[in-house]
1. Considering only C-alpha atoms, what is the centroid distance from segment 81-155 to segment 186-228, in Å?
2. Report, by chain and number, residues whose modeled amide H sits under 5 Å from the one on residue 159, excluding near sequence neighbours (fewer than 5 apart, same chain).
3. Which values of log₁₀ I(q)/I(0), to two decimal places, follow from the Debye formula for segment 107-204 at q = 0.15, 0.18 Å⁻¹ with a uniform point scatterer at every Cα?
4. I'd like to compare 139-146, 76-83, 226-233: which one has the highest average count of other Cβ atoms within 10 Å, and what's the full order after that?
5. Which whole-Hz couplings ³J(HN,Hα) result when phi for each residue of segment 63-73 is put into the Karplus expression 6.51 cos²θ - 1.76 cosθ + 1.60, θ = phi - 60°, listed in order with x for Gly and Pro?
6. Which links in 43/67; 43/107; 43/94; 31/94; 31/67 stretch past 24 Å when you go from one Cα to the other?
7. Spelling out what I want: for every residue of segment 148-158, take phi, set θ = phi - 60°, compute 6.51 cos²θ - 1.76 cosθ + 1.60 (Karplus), and round to whole Hz; glycine and proline get x.
8. With every protein chain left in place, what is the accessible area per residue of segment 121-163 in square angstrom, probe 1.4 Å?
Amino acid sequence: MASASAETPVTGESFKSVFGRRLEPYLALSKSAKGAGCVQLIKDVLAAPGVVVFGELLAMPNVIELKSNPEHARYHRLLEIFSYGTYQDYQQNKDSLPEITVAQRTKLLQLSIVTLSERVRAIPYAHLLQYLEIDNVRQLEDLIMDAIYQNLINANLDQKLKQVEVHSAMGRDLRPGQAQDMLRVLAEWTKTSEALLKALNHKMDEVRENYEKEKEAKVAFEKELESIKKENAASGGGKHRKMGGGGGNQGSHMMEYEMEQHMFQSPEFANEYARLGHGGGPGSKRTGKRVQNRG
C-alpha cells in the first residue's frame, strides 16, 4: 500500500469543546486536591486517553502551589512539558523530572509530532525517527495512525516517499511568551497590510486619473474628427457642384478633377512637363493646338 490517510472531522469550536470536556473532570478535582493528591491528579491526567490540553489545569491555584514545593515542583514542570513542550524537552531534563509511563510517553510523542508539524508539513520518516527516538518505521507508523484516529492531526502516510504529509493539526497550549510573539507578528502583518493597501489605493487613484484623462482626450479627438469630416463634406460638396454638372458621371468627373489638381501641384510633374518642351510649366495656359510630327 502506497499511502494511508484519515480525515480529521473535529475542527474549530467543536475541537475546543471536545478536548475541553475531557479535561473538565480533572479541573473539578483540582479545586480540592492539594499536595500529594494534586500530584496524583497530574499523573492521572497525563495518562488519560484523549486528554491533550492542560493549560486550564496549569492555571488552577492548587496546581500552581506545587511550584513552591521542592518535592512536588518537578510534577508541575512535567505538566508544563505535556502542555506545550516536546519529547526532546523531556529527554534533555529527564534527570530532574519524574519517570513517565508507556502511555504517557506515547501521548508526549504524539504531541511532539503536532508541534513539529507547525514548522514542517511534509516530515520525512528519517527525521521523525531521530526526533522521537523511535527504533523502526512500523512503530512510527502505528504512532502516527493512532494520532490521526484521535484527531490530533489530519495527515497522510506516504510509504513510497517515506514521509508523513500533515494537512492540519490540533492547537496546543501556548508557551510562555508565545502570545506576545503572536501579537507582535500580527502587528507587523497589520502594518505591512496597511502599507500595501495604501499603495494599492494610490495606484488605483493613478489609474482612475489616467482613465479620465484618456476619456477626455478621446472625446476631444472625436469632436475634432467630426468637425474635420463636416468641413471636408462641405468643401467637397462645392467641388462636386462645380465639376459634376449633374447626371451619373458626377463621381468620375470629381475623381478626374482631383487627380488633375494633384498632378499639376506635383514638382515632379512640373519638371517632367518642362523637360518635354511644353514650357511655361503646368500652370501655363493650354492652347489646344495639335503639335505636328516633324519626323
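1. 55 Å
2. Hits under the 5 Å cutoff: 3, 4.
3. At q = 0.15, 0.18 Å⁻¹ the computed log10 ratios are -0.68, -0.82.
4. So the order, starting with the most tightly packed, is 76-83, 139-146, 226-233.
5. Residue by residue, segment 63-73 yields 6, 4, 4, 4, 4, 8, 9, x, 6, 9, 4 Hz.
6. Numbers: 43/67 16 Å; 43/107 13 Å; 43/94 16 Å; 31/94 28 Å; 31/67 16 Å.
Checking Cα-Cα distances, 31/94 exceed 24 Å.
7. 5, 5, 8, 6, 6, 9, 10, 8, 10, 9, 9
8. On the way: 2260 Å² over 43 residues.
The answer is 53 Å² per residue.
The values are calculated or read from the model by the stated rules, or taken from the named source; none is laboratory data. Because the structure is a prediction, the values reported are computed rather than measured. Reconstructed Cβ throughout: ideal geometry from the backbone, glycine too, with neighbour counts over all protein chains shown. Surface accessibility is based on the protein's heavy atoms, side chains included, excluding ligands, DNA and RNA. Shrake-Rupley method; radii C 1.70, N 1.55, O 1.52, S 1.80 Å.
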